[in-house]
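J.: Sharing a structure with you now.
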Amino acid sequence: MDYRAIYPLPLRLLSSLIDMILVLGGLSIVTLVFVNATLRGAAGFDLAWSLEVTAFLLLWTTFLGCAAAIARGAHMRVTEIVELFVPQGAHRFLLAAINIVVLVMMASLIFEGYSISSHTWAQRTTVLYWPVGFLYASMPVGIALSLIFHLFNMVHDWRSPPDRQDPPIAHHVDGADTGAVL
């Protein structure tokens, strides 16, 4: 379920901002890799700094992409086993247990990621002299954003179990709500 349509305005804006950053990051990665490979093949040299920038962009887009996927409800779930072997009445409690495990994992990733980032902040990259901690900060930042979306999604799912989910809202091509329920 794509949760973005039911998010309050600040969460929708945050999700849109993350999407824009992901598009720019992805385009930058493709452009840098293409230009660097072309220069290496055609001119016999490459841009040393492009490898560091690409590594930073890959990590940041990975963890921001995690947040974007949670906002869309797009993380993979294998529900067939649960539907076959878990009684319908227990689904809601199983979902709550899974959500608690996810929350604990996210909290530990934020804590450990912050620890790694803060301990490596004084180190510098070899070409651009950027703090290495900035590279590692992608994990706690991306997971913290994921946690924000997951908390909202979790509360929504608890209040509206799958049999009572909000109907999808129709959107215009430009993304504006039509107000019509599909």
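J.: Kirkwood Rh and Cα-based Rg: tell me the resulting Rg over Rh for segment 1-107, rounded to two decimals.
T.: Rounded to two decimals, Rg/Rh equals 1.17.
J.: Among THR61, THR125, THR38, rank each residue by its count of other Cβ atoms within 10 Å, from fewest to most, as a rough exposure measure.
T.: THR38, THR125, THR61
J.: Moving to a separate point now. For the chain, take the longest principal axis of its alpha carbons; what is the angle in degrees between that and the long axis of helix 138-159, to the nearest 10 within 0 to 90?
T.: It is inclined by approximately 10 degrees.
J.: With axes computed from alpha carbons, what is the tilt in degrees of helix 9-38 against the longest principal axis of the chain, rounded to the nearest 10 within 0 to 90?
T.: Relative to the chain, helix 9-38 is tipped by roughly 40 degrees.
J.: Continuing with the same structure: Using the alpha-carbon centroid of each, what span in Å lies between segment 79-110 and segment 1-26?
T.: 25 Å
J.: Relative to the longest principal axis of the chain, what angle (0 to 90°, nearest 10) does the C-alpha long axis of helix 48-72 take?
T.: Computed tilt is about 0 degrees.
J.: Are there chymotrypsin sites (Phe, Trp or Tyr not before Pro) in segment 1-49 that DSSP marks as loop and that have at most 13 other Cβ atoms within 10 Å, and which are they? Before the final figure, lay out each step's value.
T.: Details: sites: TYR3, PHE34, PHE45, TRP49; in loops: TYR3, PHE45.
Answer in residue order: PHE45.
J.: Continuing with the same structure: Can you list residues from other chains, or at least 5 along the same chain, whose modelled amide H is less than 5 Å from the amide H of ARG124?
T.: When sequence neighbours closer than 5 places are left aside, the close amide H contacts are VAL132.
J.: Starting from a Cα-only point model with no solvent, please compute log10 I(q)/I(0) by Debye for the chain at q = 0.10, 0.15 1/Å.
T.: Each listed q maps to, in turn, -0.55, -0.99.
J.: Helix-only estimate, please: 222 nm mean residue ellipticity of the chain, summing -39500 (n - 2.57) across DSSP H runs of length 4 or more and dividing by its residues, to the nearest 500. Can you show the working numbers first?
T.: Numbers: 6 runs with 118 residues, N = 182.
-22500 deg cm²/dmol, from helical runs alone.
FYI, it's all coordinate maths here, none of it is from the lab. As the structure is a computational prediction, the values presented were derived from the model and not from experiment. Glycine also receives a Cβ, built like all others from the backbone with ideal geometry; neighbour counts cover every protein chain displayed.
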